[in-house]
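The values are calculated or read from the model by the stated rules, or taken from the named source; none is laboratory data. Source: prediction; values computed, not measured. As a convention, Cβ positions derive from the backbone with ideal geometry for all residues, glycine included, and neighbour counts pool all protein chains shown. Note: accessible area is taken over every heavy atom of the protein model, side chains too, but ligands, DNA and RNA are not part of it. Shrake-Rupley method; radii C 1.70, N 1.55, O 1.52, S 1.80 Å.
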Amino acid sequence: MTTKRKYHITTFGCQMNKADSERMAGILEEMGFEFVEDPNQAGLILYNTCTIRDNAEQKVYSYLGRQAKRKQHEPDLTLVVAGCVAQQEGESLLRRVPELDLVMGPQHANRLQDLLEEVFNGAQVVATEPIHIMEDITKPRRDSKVTAWVNVIYGCNERCTYCVVPSVRGVEQSRTPEAIRTEMIELGQQGYKEITLLGQNIDAYGRDLPGVTPEGRHLHTFTDLLYFVHDVPGVERLRFATSHPRYFTERLIKACAELPKVCEHFHIPFQSGDNQVLKAMARGYTPEKYRRIIDKIREYMPDAAISADAIVGFPGETEEQFENTLKLVEEIGFDQLNTAAYSPRPGTPAALWENQLSEEVKADRLQRLNHLVSIKAAERSQRYLNRIEEVLVEDANPKDPTQVMGRTRGNRLTFFAGEIKELKGQIVPVQITEVRAFSLTGERLFEGSPAKPLVGVGAS
Ligand code: SAH
Ligand code: SF4
Ligand code: F3S
């Protein structure tokens, strides 16, 4: 009797890692492995790791420590570390955790089968050299049947002084528009309703592809890509992340306003609201330019949802400079903001500077910023009250099986009473009856049934 070998993947970090994990899971299933939720039942464990901040990295070591111990009495266990910690640490990871079988950087995700074959032949393998990322012909094992990620550009050519991403993800590599469209067409045929196009710096897409227009523009910009893929049959919603303010153009904003499938949600990290800090971060824009971008978006799409990332406690940040970040958050009113205290990362310029702030100052600023963020998000949610929103149903509400959950076009998580079997993957009109800072509750509207009378502010 043969039973399938079981594998387990735990993914840390950003959407790029999640997308890579889905492709690696696809490769493992192709090789005959079967997924298991509990890592302790698995014969192969893969940790797809993140090193963006120190606490992300430390989490990996604690997970890994447990499984390394297990391997001491279960020598057949295969242990793989993929992703950004693997790339950053390389061979030194083997010295730290000698039980590891395979250490592989993110650019090697599509090569998992070859690398594992070397492992099964008895080698301990480190794959971290920069390579050209090959198109993967294996079907990813996607977590959702409704929404999917599609990579459009790998890597990052920026040099933000705090950030490890360029050194762990390598230089920008754009996929061809044709490869992206082909993947999207298949997703549409498989019933996926929403696609999020992914890149660290997605609005820089195409700079590395050949060809220029008569006006001297790159032939394949991200805006052109949107026009090229927006009509893929079956796919009803398009999103994209992450945008860099340096490359965000009015042409792109116009395309988003024009193309009905592109959702009115923009994730554009600003990192700091202070010009000096932005300079020290080498971000390449001013707070004024950032404000102008948001104004432009709101000129074309008044209801657009805006989210961003911000860092507090960057080296040398004064109280006044921090207050400029609070001011920007106050003025713009983000629907959501991912905030983090600055964490010095190995190999980045800012980690070597002497003007580091204390953990106390960073924690205090983080807490003050987070407080403002939830106040502003709650204010932003108010506009949804009583409105009818289109919700794409993704799943049952894990806390209440009589409800389903999905997202509005503006990306607000929304709950309403309904049967997941009937509604999964459908776009349903929902009248919003309750609003919270980061989520909404509503009632499904049926065809022919009138909406309730609209009351109060925020009605449309
Ligand atoms: N490419 C995206 C961000 C990718 S990293 C961009 O340029 O906006 C995701 C977020 O992690 C960043 O936006 C930043 O806010 C945060 N981050 C990156 N390095 C960090 C560090 N050293 N300390 C704290 N936060 C960091
Ligand atoms: Fe990091 Fe800057 Fe690149 Fe974003 S743009 S991934 S913050 S280096
Ligand atoms: Fe983390 Fe790597 Fe993403 S460091 S945030 S998983 S690119």
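The alpha-carbon of Lys421 sits under 27 angstrom from the alpha-carbons of these lysines, leaving out residues fewer than 8 places away in its chain: Lys18, Lys139, Lys145, Lys193, Lys261, Lys399, Lys452. Left without a cysteine partner by the 4.7 Å Cβ rule in the chain: Cys14, Cys50, Cys84, Cys156, Cys256, Cys263. Computed 3J(HN,Hα) for the stretch 123-135, one whole-Hz value per residue from the Karplus formula 6.51 cos²θ - 1.76 cosθ + 1.60 where θ = phi - 60°, is 8, 9, 10, 10, 10, 9, 6, x, 9, 7, 6, 7, 4, glycine and proline marked x. Remark: accessible surface ordering of Arg237, Arg436 (largest first) is Arg436, Arg237, probe radius 1.4 Å.
Charge dipole (Cα centre; +1 on Lys/Arg Cβ, -1 on Asp/Glu Cβ; no other charges) of the stretch 1-46 amounts to roughly 80 debye.
Once the Cα-Cα distance is subtracted from the 0.36 nm per residue extended length, the Ile427 to Lys399 segment shows a gain of 7.9 nm. Keeping the other protein chains in place, figure out the carbon and sulfur percent of the accessible area of the stretch 385-444, with a 1.4 Å probe. Summing carbon and sulfur atoms, their accessible area is 51 percent of the total for the stretch 385-444. Average accessible surface for the chain: 45 Å² per residue, computed with a 1.4 Å probe over protein heavy atoms with every protein chain in place.
On the beta carbon distance between Ile388 and Gln113, with R0 = 45 Å, the FRET formula returns roughly 0.40.
With a 1.4 Å probe and every protein chain kept in, tell me what percent of the accessible surface of the stretch 167-310 is carbon plus sulfur. Exposed carbon and sulfur together represent 55 percent of the surface. Using 0.36 nm per residue and subtracting the Cα-Cα separation, the extra length available between Arg291 and Glu354 on full extension is 19.6 nm. Figure note: Glu57, Glu129 ranked by solvent-accessible area, largest first, 1.4 Å probe, ligands and nucleic acids not counted: Glu129, Glu57.
Look at the alpha carbon pairs under 8 Å that are at least 6 residues apart: their mean separation over the length of the stretch 6-127 gives a relative contact order of 25 percent. For the chain, the Cβ-based charge dipole about the Cα centre amounts to some 440 debye (Lys, Arg positive; Asp, Glu negative; other atoms uncharged).
Positive-end ranking of Tyr61, Tyr7, Gln113 along the dipole of the stretch 6-127, with charges on Cβ about the Cα centre, is headed by Tyr61. Close amide H contacts of Val262 (hydrogens built in the peptide plane, cut-off under 5 Å, sequence separation of 5 or more or a different chain): Leu238. Think of the chain as a dipole: +1 on every Lys or Arg Cβ, -1 on every Asp or Glu Cβ, centred on the Cα centre; then among Phe415, Val229, Trp149, Phe415 lies furthest on the positive end. Using only side-chain charges placed at the Cβ, +1 for Lys and Arg and -1 for Asp and Glu, the dipole size of the stretch 292-398 relative to its Cα centre rounds to 140 debye. How far is the Cα center of the stretch 63-128 from the Cα center of the stretch 219-235, in Å? Comparing the Cα centres of the stretch 63-128 and the stretch 219-235, I get a distance of 38 Å. Within the same chain, lysines fewer than 8 places from Lys327 are excluded, and of the rest, those with a Cα less than 25 Å from its Cα are Lys279, Lys289, Lys296, Lys362, Lys376.
Under 1.5 on a/c is rounded, so check that first for the stretch 6-127, then, if it is not, pick prolate when a/b is larger than b/c and oblate when it is not; a ≥ b ≥ c are the square roots of the alpha carbon gyration tensor eigenvalues.
Taking the square roots of the gyration eigenvalues as a ≥ b ≥ c, the stretch 6-127 is rounded.
Taking amide H as placed 1.01 Å from N in the peptide plane, the amide H of Ala341 sits under 5 Å from that of Val312, each at least 5 places away or on another chain. Computed extension gain for Ile137 through Glu91, at 0.36 nm per residue and net of the alpha carbon distance, reaches 13.7 nm. A Förster radius of 22 Å, combined with the Cβ-Cβ distance separating Arg251 from Ala179, puts the computed FRET efficiency at roughly 0.40. Here Lys71 is the anchor, and the lysines within straight C-alpha reach of less than 23 Å, apart from those fewer than 8 places off in the same chain, are Lys4, Lys6, Lys59.
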